[in-house]
Structures are given as structure tokens and as C-alpha cells.
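The values are calculated or read from the model by the stated rules, or taken from the named source; none is laboratory data. What you see is a predicted model, and the numbers here were worked out from it, not measured in a lab. Using ideal geometry, Cβ is built from the backbone for each residue, glycine included, and neighbour counts are taken over all protein chains shown. SASA here: full protein model, heavy atoms, side chains in, ligands and nucleic acids out. Shrake-Rupley method; radii C 1.70, N 1.55, O 1.52, S 1.80 Å.
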Amino acid sequence: MKNNSQLRDLITSARTLLNGIDINYDSIIGPRTQKLVEISKQIIPIIKEDYPDIAQILMNATQRIVFRTSRILQIPQPPYFQNIFGDFINAYSFGDIRTAIKILDGLYSNKPQNGHKIFISHSSKDKGIVTEFCDRILQLGIGLDPDDIFCTSIEDMNIKNGDDIRKHIKENILSADFSFLLISNNYKNSEICLNEMGAVWTNNNNVRYYLLPNTTFKEIGWLCDTKQAEKLTDHTALDKLYKELTDYYHELEGRLNTWSRQRVTFVDNITKGTVAKTEERTNTLSGSIDEKIINVLTPNSCLSLYDIAKLLGFSKATINKHLKQLQDSNKIESVGVASNTRWKIKS
């Protein structure tokens, strides 16, 4: 991430402004809101490479937050009502900015991790759908921070090197407010998943069952109570999840318009096979990804993660995984630190 210190300062300034702004449909644009829009515009180019969805939300919101119209407003002295023409705040766009800033505040927080609120039990073979669920539903849609979620197959939410796997999973199950079981045929055939399920059942901390696409209640059988399980692509089930989490975590301040967009995109991506096709393509080419990275690095002195992903047409998460594998095998090395990291063939 470029300019991490600058970004942290901008996010802090935005949060401070948001704490002092209380708007409704009759709110006139004031200096604090104008400053918030200005800061948001500065944030967009810094995050667009790593979080394009959030950058797009901020861009749309800053473009639509101001609209000129006339309103009849109540005033404290005669004639008590006055027709005012001017710049007013689009409350929905304001809400999008507030939600985006909250998510970014969590993503770039300097505070230490102190446990997770959500535990996700799933098969690593279903990583594509699970990642989409965490990104669009839990983070962009509902507003949870990555540190609030424990998900073993996602780099930002999993077990770090050196951690005791069994102990780490047990601790996160015990500390979770909610446990989501994302069940599929892959899940049913995984001994690790069934062990997690047993631990979750024992704890019984707000367990929720969701069936992944192409999985039926009949196929799952005894694994879950069909009266409780719901399909992950069911709009009604997702709306119910949104309400439950935003009611439970009052600080989330969920915004329905942002949520609705992310829910529709998530269901479309899953039901139309976008995620499945991407996963299939990745799995098919997985054996040659290391070779492709070596080939693209050979004629170039140094390339960033973004450059390599763009050149090869894979996600940054996929490329990052293979870069670490190649580094562990002493084939490539990194130069620079943090957001300025570049990769090259090891000399």
C-alpha cells in the first residue's frame, strides 16, 4: 500500500469529521461535509490498486453527494418557514462515505488484533465462494473489519506462521460471537471441517448454517438441521443476516443502499458462475503459475505484485501465494518493504 502513513492520517481526519456530522434529508452542505468530500477524493487514488471496490464506492459517493434543489425549512422566527435554494446533502451518498471510511479504518488500523467476532467453518476447496462472501457480504456490505473474521483460507484472516493450528482454531471458536458453517459436498468429505463442526456445536455460539451452490439438503443429510440451514444465494436469508449482525453490532451503522448493491453483486457472481469459472481457471493453470511468474520476472529487473497480477491475468491473492512459494524455494527475492515491495529473480 502506497503512502500508508498519509492514508492513515486521512482516514483519521475523516473519522473525526464524521463524528461531528449529523445529517438528514434537509441538511445543507457545510464546511465539514465539504472537507470530508475533499479528504475522500484524496483517499481514492491511494487505495484503488488494493481495494478497487471501496475506491469505486467513494468515487460514486463524492460525485453524487451534492445536489442543488429548493427546500421549505422550518426556522425559529417568523415566518417560521422559508423556501431555501442551495446545495443539499444526498443522505445515501453520505452513508456510503461513512461506511467506506469505517471499513478502511479497520483495514489500516494500527491496533493489535484481539480476537475475532465471526468464525467461518468451510472447506478450503470452496475458497472462491468463501472469499466472495467475506469481501462483499461481511466487509463491503455489512461493514465488518478483516480482523473481526477468522477464515483459514483467506490470507488476511487466517493462521499466521508459527501458530499452533488446533489451539488457534479452538481459541477463535470460543471467542466468536457468531459461527458460520458454509456447507458443501467438499465440507462433508473433510475430516477437518467435521471436527470444526463438532467444536462449534459444543460451543453453540450463534451457529448459522448456509448451503453453498450445487448443494442440496438431501445431499447434506445429517450434517445440519434443514429447519435452520439456508442457501447462501438466497436474498431473503442474506437480508436476515444483515439485520442480525447490524442489530448485534450497533457500531456497524449499516447502510441499506450499500448493502443492497453488494448483496445483488454477490448473488449474481455466484449464481452466474463467475466465481466458479475463475476458480476452475486458476486450478487448471495452478501448476504453471510459478513458471509464468518466473518467465515474466526474467526480462524485468523488478515488478510489483500488482504488475505481475495484471500481466498474467490472475488475482493479487493468487499471485501473492505463488510469490511466497517461489521465495521459500529460493527462486525469487523481494526488495523494498511494505507497499514498495518489488520482486525479482534471485541472483
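Quick one: ranking Lys125, Lys48, Lys344 by accessible area, 1.4 Å probe, largest first, what do you get?
Lys125, Lys48, Lys344
If Lys and Arg each add +1 and Asp and Glu each add -1, what is the summed charge of the other residues whose beta carbon sits under 9 Å from the beta carbon of Ile57?
Neighbourhood net charge equals -1.
Could you tally the net charge around Ser334, taking each other residue with its Cβ under 9 Å from the Cβ of Ser334, Lys/Arg +1 and Asp/Glu -1?
It works out to a net charge of +1.
How much net charge surrounds Leu181 when only the other residues with a Cβ under 9 Å from the Cβ of Leu181 are counted, with Lys and Arg +1 and Asp and Glu -1?
Local charge sum for Leu181: 0.
With every protein chain left in place, what is the accessible area of Lys117 in Å² (1.4 Å probe, nearest 10)?
Spelled out: Lys117, probe radius 1.4 Å, area about 60 Å².
Among His250, His322, what's the order by accessible area (1.4 angstrom probe), most exposed first?
His250, His322
For Ser5, Ser347, what's the largest-to-smallest order of accessible area, 1.4 Å probe?
Ser347, Ser5
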